[in-house]
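The values are calculated or read from the model by the stated rules, or taken from the named source; none is laboratory data. As the structure is a prediction and not an experimental result, all values here were calculated from the model. No Cβ is skipped: glycine too gets one built from the backbone with ideal geometry, and neighbour counts run over all protein chains shown. The area values use the complete protein model at the heavy-atom level, side chains included, leaving out ligands, DNA and RNA. Shrake-Rupley method; radii C 1.70, N 1.55, O 1.52, S 1.80 Å.
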Amino acid sequence: MSNAVENEDAALPVGLPPARWESASRLTKAYWLARLALARSSGASRPLRQLVAGADDATWYWLVSHAPRRFAVARALLPMAPDEATQTRFVGTSGDAAFRQAFTGYSLFKEMAAKYGRPLAPDSKVLDFGCGWGRIIRFFLREVDDANLVGADCMPAAIELCRQTNRRCRFELTPALPPTDLPASSFDLIYLYSVFSHLSEAAHQRWLTEFHRLLKPGGILVATTRARDFIEQCERYRRGQDGGYEAMKSAFLDQGDWLARYDRGEFCYEGTGGGDNLEGNFYGEACIPAQYVRTRWSDRFEFREFVPREQSRLDQHAIVVQKG
Ligand SMILES: C[S@@+](CC[C@H](N)C(=O)[O-])C[C@H]1O[C@@H](n2cnc3c(N)ncnc32)[C@H](O)[C@@H]1O
């Protein structure tokens with residue numbers, strides 16, 4: 001599994017100041033802990049959404065990322081995280097950095113759903129595909145009923161971890177290639193964070209067809225992808241300049257050729273494998289140019305936008321499409 005990870009040492013691109021949601025006041029924290037304690041003492045089991053209604057972004061970020069690490073009452077009601085080494089194995093970072101990235105992703109996915117006519121509501125159905133240890137889907141518990149949040153991953157260890165640490169959302173072990181047993185036309189929003197950054201062209205095309213089947217009419221698909229400079233980054237890893245994982249060091253060896261392919265709008269992929277059951281015939285390192293999406297996804301989806309990472313504060317670009 002060690003290659004099923006990212007290369008970020010920091011969650012935010014260099015130079016970005018902390019977001020405004022990163023600082024809840026002490027008074028606010030005390031107030032929300034008291035609210036959780038009251039809810040817990042009442043003993044009633046309700047969707048988390050009802051307990052945290054009214055929490056602003058700063059409070060919600062703190063409740064999900066920090067509070068369970070420090071307060072028993074938060075641990076009793078909110079999802080937990082696995083140990084830091086396990087977090088890092090999945091996403092190359094842990095703790096605050098991993099949560100900050102997760103919250104940034106959640107904010108973008110939610111914003112795109114609203115922008116294209118699917119604002120999240122308690123009965124919205126959301127699928128986190130390639131959920132890893134489940135750091136992102138938990139943030140949707142503020143808007144959506146617990147039962148409507150689904151995480152899927154093809155790695156048994158990931159699903160096991162998610163089920164152990166998060167009893168509110170549902171987690172499904174899915175095959176490495178489609179189809180899944182999930183019902184057709186059932187999701188309003190499907191998102192993939194750093195999953196299409198790893199799948200082969202053939203695998204990602206098959207999953208696109210499956211996502212089309214799973215989305216409701218008008219449903220939104222958001223998938224992140226590596227930027228062009230990841231190809232150059234792999235060369236720096238090879239020279240030992242920036243760290244990086246073994247799989248990345250063996251990817252995109254002829255840098256000039258791969259950059260030219262990217263610029264021609266071709267799908268760029270090296271099947272390095274990712275450890276565990278992530279085999280090189282479908283899993284490796286991938287960069288998908290916007291031009292490719294416009295031409296090769298358009299038989300199934302309406303193209304909405306390509307969100308540059310500088311705009312979203314994520315470390316990857318995001319592709320947004322919609323089922324007609
Ligand atoms: C780099 S991790 C990202 C995890 C998660 N999205 C996050 O950002 O925290 C990639 C994840 O995609 C999963 N994955 C890779 N190929 C998959 C496939 N074909 N089907 C489902 N999950 C897949 C891996 O098991 C791993 O958990």
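Somewhere in the stretch 110-121, is a residue at pLDDT 95 or above, within 14 Å of the chain's Cα centre (by Cα), within 16 Å of the ligand (Cβ to nearest atom) and in a strand (DSSP E or B)?
Checked against the condition, which is being at pLDDT 95 or above, within 14 Å of the chain's Cα centre (by Cα), within 16 Å of the ligand (Cβ to nearest atom) and in a strand (DSSP E or B), the stretch 110-121 yields no hits at all.
Restricting the search to the stretch 283-306, which residues are in contact with a Leu (Cβ under 7 Å, 6 or more places away or on another chain) and either surrounded by fewer than 22 Cβ atoms within 10 Å (Cβ to Cβ) or under 18 Å from M112 (Cβ atoms) (or both)?
Passing the criteria: W297, R300, F301.
Please specify each residue of the stretch 264-279 satisfying the condition of being within 13 Å of the ligand (Cβ to nearest atom), over 17 Å from L253 (Cβ atoms) and open to solvent by 40 Å² or more (accessible area, probe 1.4 Å).
Those that are within 13 Å of the ligand (Cβ to nearest atom), over 17 Å from L253 (Cβ atoms) and open to solvent by 40 Å² or more (accessible area, probe 1.4 Å): D276, N277, E279.
I'm told P175 meets every condition in (1) closer than 20 Å to Q101 by Cα; (2) open to solvent by 20 Å² or more (accessible area, probe 1.4 Å); (3) within 9 Å of the ligand (Cβ to nearest atom) except one. Can you identify the failing condition by its number?
The number of the failed condition is (1).
Just need a number here: residues in the stretch 202-225 that are assigned to a helix (DSSP H, G or I) and within 11 Å of the ligand (Cβ to nearest atom).
The qualifying residues number 5.
Can you give me the number of residues within the stretch 143-164 that are within 13 Å of the ligand (Cβ to nearest atom) and either open to solvent by 10 Å² or more (accessible area, probe 1.4 Å) or touching a residue at least 40 places away in the same chain (Cβ under 8 Å) (or both)?
Qualifying residue count, the stretch 143-164: 8.
Just give me the residues in the stretch 123-147 being basic (K, R) and in a loop (DSSP other than H, G, I, E, B), in sequence order.
K125, R135
Looking only at the stretch 131-140, which residues are in contact with a Leu (Cβ under 6 Å, 6 or more places away or on another chain) and more than 19 Å from A85 (Cα to Cα)?
Scanning the stretch 131-140 gives I137, F140.
Residues of the stretch 65-97 being touching a residue at least 40 places away in the same chain (Cβ under 8 Å), within 23 Å of R49 (Cβ to Cβ) and within 14 Å of the ligand (Cβ to nearest atom), which ones?
P79, A81
Residue check: is R226 without any contact (Cβ under 8 Å) to a residue 60 or more places away in the chain and under 19 Å from L199 (Cα atoms)?
In short, no.
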